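**Q** Mind looking over this structure? Questions follow.
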Amino acid sequence: MPMHKTSAWPLAWVYCGLIVYASLFPFSNWRDQGVAPWFFLIEPLPKYWTAFDVVANVLGYMPLGFLLVLSALRTDHTRYAVRLASMAALVLSLLMESFQVYLPNRVPSNLDLLLNSAGAALGASSAWTLEKFGALQRWSRFREQWFVEDARGGLVLLALWPLALLFPCSVPMGLGQVLKRLEASLAEVLVGTPFLQWLPARDIERQPLLPTIEWLCVMLGLLIPCLLGYCIIRLKIKRTWFSGWVFLFGISATTLSAALSFGPEHAWVWFAMPVKMALISALVVSIGLVWVPRRAAAVLLLLVLGLHLGLINQTFIGPYFEQTLFMWEQGQFIRFHGLAQWLGWLWPFASLAYALSYLWGGESEN
């Protein structure tokens, strides 16, 4: 399959960027400890480690190995694919661990390096095995039957959507809530400069959402991936099935996020009455929209994204939710934090750019 047809390459690059962010967060207080950046390679293996660390390091690099091999297989570069993918992941992990020498909040570890490399090798071997058993060919046939030929960008965004939902949202499905943090970050940068007074002052503080507005936000948040899929799916029956999968993945990812944040016993704490009504409403509307042409779906996607982002960024962020974010940023979720935070913030804006490029490019309905 030609290189420009596969979604694996852009996904691999995106995942590399997320690994870099997760490995070097919080990117502050860099300092020289007076030791070589590779000193940890000859240190004894750490005496203290947890099962969470082992699983996180192995699973964190498995998708990278899988995507790199899948990229090679999809572009006919199959020779030494597993070994090259494993070596590339090893080099990336080595660089990340070496850079951590200069970060006071991170501890480089030869055990992390070994686990990361093992995870990448497992992911690479899994992709190779699936190819040998014909599973990847079946995916190719499935893609040809379900999606338009040039569906790579949409597929990448749809694959990232459940991961973006893992980062806590003040409103379920409410991705893209960045305005408050942008305001705070900009104010911090401008402290001590005459430009600080130019920063627009907020006359009315954000207020807690009314149940009706919460219902609307959740409904729009679910319609966005549905409309994104409708841009690259032609057949109505397949769009109907697709919308069902969107709801399944959205509910599952949100439940997992709540379980990670508050504990398994509180996994369904987000499932309040306005959310239930929003799920039903979104399902009815998404089914009703399966008949719209693809370009019309892109126009609706732009409108829904604009309304959703406007509402979400006016949402009140209470101290309880701020504590949840602090736990993700400073606690054991630090590895997941980098992988999910930027997705949660930027996914809607990437979808907005995709819809604009789709309409600007004059995609045909065939």
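The values are calculated or read from the model by the stated rules, or taken from the named source; none is laboratory data. Quick caveat: nothing in here was measured; it's all calculated off a predicted structure. Note that we place each Cβ from the backbone using ideal geometry, even for glycine, and neighbour counts take in every protein chain shown.
**Q** For region 95-104, which residues satisfy the criterion of being in a helix (DSSP H, G or I) and touching a residue at least 24 places away in the same chain (Cβ under 8 Å)?
**A** Selection gives M96, E97, S98, F99, Q100, V101, Y102.
**Q** So, one more: Among the residues of region 103-114, are any modelled with pLDDT of 75 or more and under 30 Å from W215 (Cα atoms)?
**A** no
**Q** Something else: If I ask for residues that are of a type outside the set (D, E, K, R), surrounded by fewer than 19 Cβ atoms within 10 Å (Cβ to Cβ) and assigned to a helix (DSSP H, G or I), which ones from region 138-154 would you list?
**A** W139, S140, F142, Q145, W146 - these are the residues of region 138-154 that are of a type outside the set (D, E, K, R), surrounded by fewer than 19 Cβ atoms within 10 Å (Cβ to Cβ) and assigned to a helix (DSSP H, G or I).
**Q** Find the helices (runs of 4 or more DSSP H) located wholly in region 275-366 whose residues include 1 or more that are modelled with pLDDT of 80 or more, surrounded by 13 or more Cβ atoms within 10 Å (Cβ to Cβ) and in contact with a Cys (Cβ under 8 Å, 6 or more places away or on another chain), and list them.
**A** Filter on region 275-366 gives 294-312, 334-360.
**Q** Consider V107 against the criteria (1) assigned to a helix (DSSP H, G or I); (2) without any contact (Cβ under 8 Å) to a residue 40 or more places away in the chain; (3) not aromatic (F, W, Y): it satisfies all of them except one. Which criterion is unmet?
**A** So V107 meets the others, but not (1).
**Q** For region 127-138, state whether one or more residues are closer than 18 Å to L59 by Cβ, of a type outside the set (A, V, I, L, M, F, W, C), in contact with a helix residue (DSSP H, G or I) (Cβ under 9 Å, 6 or more places away or on another chain) and assigned by TED's automatic domain parsing to the domain that holds G65.
**A** yes
**Q** Another question, then. Those residues that are without any contact (Cβ under 8 Å) to a residue 12 or more places away in the chain and either over 28 Å from W128 (Cβ atoms) or outside the structural domain of L94 (by TED's automatic domain parsing) (or both), I need them from region 43-72; list them, please.
**A** Matches in region 43-72: P44, K47, Y48, T50.
**Q** Do you know which residues across region 13-41 are within 30 Å of the chain's Cα centre (by Cα) and in a helix (DSSP H, G or I)?
**A** Across region 13-41, the qualifying residues are W13, V14, Y15, C16, G17, L18, I19, V20, Y21, A22, S23, L24.
**Q** If you don't mind, another one. Among the numbered criteria (1) modelled with pLDDT under 80; (2) over 25 Å from D150 (Cα atoms); (3) within 23 Å of the chain's Cα centre (by Cα), which one does L59 miss?
**A** Only one criterion is unmet by L59, namely (1).
**Q** If T78 satisfies all but one of (1) outside any helix (DSSP H, G or I); (2) modelled with pLDDT of 75 or more; (3) touching an Asp or Glu at 6+ places or on another chain (Cβ under 9 Å), what's the number of the condition it fails?
**A** Of (1) outside any helix (DSSP H, G or I); (2) modelled with pLDDT of 75 or more; (3) touching an Asp or Glu at 6+ places or on another chain (Cβ under 9 Å), only one is false for T78: (2).
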